[in-house]
Amino acid sequence: MGCCDSCRVPSKDSREPIRYDPNFNGPIHNRSCTDIIWLIIFILFLGAWGYIGYYSMTRGSVEKLLAPIDTRGRRCGLDSGLENKKYLIFFNIAKCLSPGTPITGCPTTQVCVERCPDKTVLFKKELEQNPSSFQQIKYDMVCTEDVNIQTMTYAQAIQYIQEEKCANFILQSQPVLGRCFVNVTAAMEVLRDVSNGTLDMAESEVLEQLTDLFRFKQLSSQIVQDLVQSRWYMAGALVAVVLLCFIYILLLRWVITPVVWLSIAGLFALMGFAIYLCYKNYEYYKANPVGLYQTTNLKGYAQSIFAKQETWLVILIAVAVVLLILFLVVVFLRSRITIAIALIREGSKAVTSIKSTILFPIFPWIFQCAIIAYGILVLMFLLSIGESAFRVVNLRNDTSCSCGGVYTEEGASCNPLTFAEKCHDTSSVGGLLPCQLASCHFTGIDNPHNVIYMHLVNLLGFFWAMFFISGVADMMLASTFSTWYWTFHKNDLPFFTLTSGIYRTLRYHLGTVAFGALIIAIVRVIRVILEYIDHKVKKFDNPFTRCIMCCCKCVFWCLENFLKFVNKNAYIMCAVHGKNFCRSANDAFSLLMRNIIRVVVLDKVADFIFFLSKLLISIGVGFAVYYLLEWNYVYEVTKGERLHYNYVPAVILSVATYLICTIFFNVYSMAVDTLFLCFLEDCERNDGSPEKPYFMSKNLMKILGKRNKKTT
């Protein structure tokens with residue numbers, strides 16, 4: 001098969017077993033390039049993706065995307081006249097605590113300033129109580145651009161504060177992403193001072209929100225303090241987790257059988273306990289019927305359902321039927337489960353024989369992190385290409401807002417400068433104050449039409465590159481583990497087995513991986529587009545569209561998972577036999593379909609064991625860390641202060657442990673999948689005779705009732 005071999009599916013019957021080949025002894029060495037056309041296409045596409053990155057970075061600006069925008073629609077630090085005013089300040093930050101603020105914007109005047117206030121000043125209160133202090137505090141006042149602070153008089157200051165052209169007060173704050181965020185404690189004190197002890201309903205709600213925010217701030221500061229204090233404990237724990245995962249893989253070879261059977265027994269016990277609880281609830285509600293519940297809310301509706309004896313009887317029957325089916329399946333497939341356990345033990349032997357494979361996934365993970373960073377960077381630059389868009393919001397809800405006929409429709413395109421000049425609150429004195437609710441809100445950046453296609457290319461490039469890297473890693477591991485399986489005497493395994501697998505993949509089969517990755521990437525892009533369409537059509541939500549979108553998303557989700565399954569097995573067959581993607585996928589799929597029962601049992605049992613192992617280690621580490629931090633002896637030895645919340649480091653370490661275990665067990669999973677395909681091929685290719693001996697381990701041969709005959 002040459003480099004330009006086409007994807008022709010072989011004409012032989014897929015039910016025909018693989019025939020014995022006296023020259024076959026594992027991954028072939030005399031192989032040639034596969035699917036090189038797709039590798040060339042992938043390289044050209046990467047060039048196009050790189051050009052889009054260059055185009056977006058030269059045409060767009062992340063600063064433009066993240067720069068704060070004042071009430072007049074100008075970008076702080078970027079627009080003309082605001083080059084030195086990089087920070088945005090809010091006249092009344094309490095008005096920004098409304099839940100609708102992210103959608104409609106904060107209904108308070110916002111201006112750009114050179115620096116955030118370093119102190120708290122109540123201007124109106126100071127001017128009323130001590131007019132002589134006007135000259136001292138005048139230059140601390142924050143006002144709109146049309147106010148000349150240099151020539152402003154005391155009377156004008158009072159008037160501008162009433163007209164909301166100048167801030168009533170300023171709060172000590174710190175710049176965060178170009179916005180001046182206040183100290184919550186100071187904000188609470190200022191709100192009480194400004195209200196003079198008389199709070200209406202709206203102000204009471206704001207004060208309650210600030211109180212909750214203050215409590216959250218206290219909680220977050222304590223959590224940060226705990227994390228800083230325990231950082232060395234956590235670093236040491238992560239090192240211990242890596243060692244624990246490695247030791248667990250070594251021990252799994254001997255404890256795999258009790259883990260599987262105890263897990264199945266535990267599942268049956270749990271379902272039996274659920275049946276007992278359902279029966280007790282059924283007996284209780286049968287003897288104590290409950291009256292009617294209010295079903296106007298979700299809680300009452302749920303109570304009305306679960307307070308009926310019929311509900312618990314239905315649940316009891318359903319759980320009992322599922323338990324019976326699972327029990328019969330386990331009894332019927334007990335020998336297959338034993339084979340699956342033996343194969344997983346073989347995977348553990350392969351991994352421990354080639355220990356370098358355990359740390360191998362770190363390198364693909366680094367490449368994937370770089371791709372994620374590049375994809376996000378290109379996305380942000382593409383989003384920043386175009387002109388800023390503004391829309392009128394809350395005009396219907398603000399009945400006292402009048403724009404002189406310039407803006408009459410909700411959602412209409414607007415100009416911030418025109419809106420500030422024409423729209424005023426007619427209920428205010430003189431009708432000069434800004435509208436209370438209505439505003440000209442920044443809704444994003446209107447991108448040129450060609451940017452849409454660039455987004456699609458960036459999306460496809462991101463997924464294609466991600467799946468390509470994971471596919472290359474899978475094929476390298478498959479080549480390594482298949483070499484281990486097809487080595488008759490495992491002690492004769494070459495030292496550079498992993499290096500040879502890496503070389504074969506990079507030298508011959510990058511095109512095959514590129515083709516397989518493209519197929520999954522296209523399906524993933526379609527799924528993302530479906531999610532986008534579903535988000536856009538929610539305003540036209542009806543049962544028909546919901547049904548159509550749900551069916552489409554379900555179909556493509558199933559298709560993507562099926563293609564991932566096909567791809568992984570195609571990579572394994574390609575690593576062993578050196579054929580192109582279509583031939584490898586067809587051979588792998590045919591081999592699996594001839595052994596469909598073994599496939600189903602192995603896949604589910606292996607997934608369950610790996611999930612159980614990751615869950616066991618991560619939860620165990622979490623509990624160990626929690627109770628270790630509860631132990632007084634630790635603080636006596638370390639002379640450290642007791643943490644506020646011991647469960648925070650415990651939860652973080654538990655999640656980190658799960659992620660680390662996932663990296664380790666992904667290698668384990670690939671080893672099992674590779675050895676499983678090799679095992680199926682071994683069963684079809686050989687018969688145990690001296691001419692055709694089995695390559696499987698003695699343990700597997702014993703379970704299957706097979707043996708290699710000795711030469712007489």
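The values are calculated or read from the model by the stated rules, or taken from the named source; none is laboratory data. Fair warning: this is a prediction, and the values are worked out from it, not measured in the lab. Counting neighbours? That spans all protein chains shown, and the Cβs are built from the backbone with ideal geometry, glycine included. In case anyone asks, the SASA skips ligands and DNA or RNA and just uses the protein heavy atoms, side chains included. Shrake-Rupley method; radii C 1.70, N 1.55, O 1.52, S 1.80 Å.
Summary of values
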{"quantity": "Segment PHE589-GLU410, extension gain: residue separation times 0.36 nm, minus the distance between their alpha carbons", "calculated": "58.7 nm"}
{"quantity": "Links that overshoot a 21 Å alpha carbon limit, given the list LYS568/LYS692; LYS125/LYS165; LYS490/LYS702; LYS64/LYS86; LYS355/LYS702", "calculated": "LYS568/LYS692; LYS355/LYS702"}
{"quantity": "At R0 = 51 Å, FRET efficiency that the Cβ-Cβ distance of LYS536 and LYS698 yields, to 0.05", "calculated": "0.25"}
{"quantity": "Förster radius 30 Å - calculated FRET efficiency between GLU387 and ILE366 (Cβ-Cβ, nearest 0.05)", "calculated": "0.20"}
{"quantity": "Paramagnetic label zone (point 7 Å from Cα along Cα-to-C-beta, ILE619; backbone N under 16 Å) in the range 313-328", "calculated": "none"}
{"quantity": "Separation between Cα centres of the range 511-564 and the range 123-154, rounded to whole Å", "calculated": "59"}
{"quantity": "Peptides ranked, highest mean first, by Cβ atoms within 10 Å: ranges 471-483, 584-596", "calculated": "471-483, 584-596"}
{"quantity": "Loop-resident sites, the range 392-489, for GluC sites (Glu not before Pro), counting at most 11 other Cβ within 10 Å (DSSP)", "calculated": "GLU409"}
{"quantity": "Pairwise label distance in nanometres, TRP557 with VAL329, each label 7 Å out on the Cα-Cβ vector", "calculated": "1.9"}
{"quantity": "Inter-site label distance for LEU46 and PHE608 at 7 Å from Cα along Cβ, in nm", "calculated": "4.2"}
{"quantity": "For the range 404-420 and the range 232-267, distance of Cα centres in Å", "calculated": "64"}
{"quantity": "Ranked packing of 441-447, 31-37, most packed first, by mean Cβ within 10 Å", "calculated": "31-37, 441-447"}
{"quantity": "For q = 0.13, 0.21 Å⁻¹, Debye-computed log10 I/I(0) when each Cα of the range 468-552 counts as one equal scatterer", "calculated": "-0.60, -0.93"}
{"quantity": "Whole-number percent relative contact order across the range 434-544, with pairs defined as alpha carbons under 8 Å at least 6 apart", "calculated": "34"}
{"quantity": "Label zone at THR58 (point 7 Å along Cα-to-Cβ), backbone N below 11 Å, the range 434-473", "calculated": "none"}
{"quantity": "Potential extension, TRP254-SER356 segment - 0.36 nm per residue separation minus Cα distance", "calculated": "34.6 nm"}
{"quantity": "Theoretical FRET efficiency, 1/(1+(r/R0)^6), r = Cβ-Cβ of GLU283 and GLN162, R0 60 Å, to 0.05", "calculated": "0.25"}
{"quantity": "The range 368-422: trypsin sites (Lys or Arg not before Pro) in DSSP coil with no more than 15 other Cβ atoms inside 10 Å", "calculated": "ARG396"}
{"quantity": "Per-residue SASA entry for PHE327, accessible area with 1.4 Å probe, Å² rounded to 10", "calculated": "100"}
{"quantity": "Loop-resident sites, the range 318-374, for trypsin sites (Lys or Arg not before Pro), counting at most 10 other Cβ within 10 Å (DSSP)", "calculated": "none"}
{"quantity": "Length added when fully stretched, PHE565-GLU691, from 0.36 nm per residue minus Cα-Cα", "calculated": "42.0 nm"}
